[in-house]
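Structure first, commentary second.
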Amino acid sequence: MKEFLEIKMGGWTATPRLPFILSGNAVCMATPSYSLLLGLIGCCLGRMVTKEETGIGFHYQFDTIAKDLETRQRLVFDGKKIKDHAKGSDAYSREFHIQPKLTLWLDRLDWEKHFHFPIGTPSLGRSQDILEIQKKSIRKVLAKQIETAEISGCLLPFEQGVQAGGQLVQLAEAYEENDGIGKGRKATNSRIFMAIPFDSKSKITYRHLYETENGQTFYFHKWD
């Protein structure tokens, strides 16, 4: 048996963006990415959290997908400074999830206090996609490792032979900050993942599968 810290969150909206979509429309992934979840955890701790500090298991679901039309201001760099684009603003369509629910499993039991009293305001996607941490559901749970489990609402590294229905997407597992303020960040270990929707349960045999005492099964991601 292994002990995990279980945290449940919920909100009104979430925007786990699908990367590399440059058509002018913002499209959502079926689940958040691990880099997004690291950022969410870091927001609660009030600092950067690196991939070496924790593994992550999660289950994500939502009620439905909605769309909104937004205006954005186009900018251009003239070689010296960034300024407004001559063509002005434009409109684009943005997808978002309604009534998202997120359960996290972490192997950092010592971080429990940071979720009871988060330093920052956790959000799932954009700054307005605020999540509420359900204080009564922050708890330590025991789980046993199993070989086969029925899972959904998670992000699985894609491998041949995995019989599951989901959305294939290439993602960076995490990001590292470059030295110095304002010098950007770099992606680490880009690979193909399968985002398995919450309503597409799949029974698979895979590594790092766990089952809690109340029968909840999940995949626990480690940065190997």
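Quick notes
- For the chain, calculated [θ]222 nm from helices alone, where every DSSP H run of n ≥ 4 adds -39500 (n - 2.57): -2000 deg cm²/dmol
- Entries in LYS83/LYS186; LYS101/LYS186; LYS113/LYS136; LYS144/LYS201; LYS136/LYS203 that, when Cα-Cα distance is taken, lie over 23 Å: LYS83/LYS186; LYS101/LYS186; LYS136/LYS203
- For the stretch 152-224 and the stretch 46-78, distance of Cα centres in Å: 15 Å
- With R₀ fixed at 22 Å, the C-beta to C-beta distance from GLU211 to ARG139 puts the FRET efficiency at about 0.85.
- Neighbours of ARG74 by Cβ distance under 12 Å: Lys/Arg scored +1, Asp/Glu scored -1, total +1.
- Mean silhouette area of the chain, derived from the convex hull of its C-alpha atoms and averaged over all directions, reads 14.0 nm².
- Between PHE20 and PHE158, the modelled labels are 0.9 nm apart [label points 7 Å from Cα along Cα→Cβ].
- Counting every other Cβ atom within 10 Å of each residue's Cβ, ARG94, ARG139 order from fewest to most as ARG139, ARG94.
- Positive-end ranking of HIS208, LEU109, LEU75 along the dipole of the chain, with charges on Cβ about the Cα centre, is headed by LEU75.
- Charge tally in the Cβ shell below 13 Å around LEU102, where Lys, Arg are +1 and Asp, Glu are -1, LEU102 excluded: -1
- Cα Rg over Rh - the stretch 103-142, Kirkwood: 0.97
- Lys, Arg +1 and Asp, Glu -1 on Cβ, resulting dipole of the chain about Cα centre, debye, nearest 20: 520 debye
- Principal-axis tilt of helix 34-45 within the chain, Cα atoms, nearest 10 degrees: 90 degrees
Since every read-out is calculated from the coordinates, none of them should be taken as a lab result. All figures in this text were calculated on a predicted structure; none of them were measured in a lab. Reconstructed Cβ throughout: ideal geometry from the backbone, glycine too, with neighbour counts over all protein chains shown.
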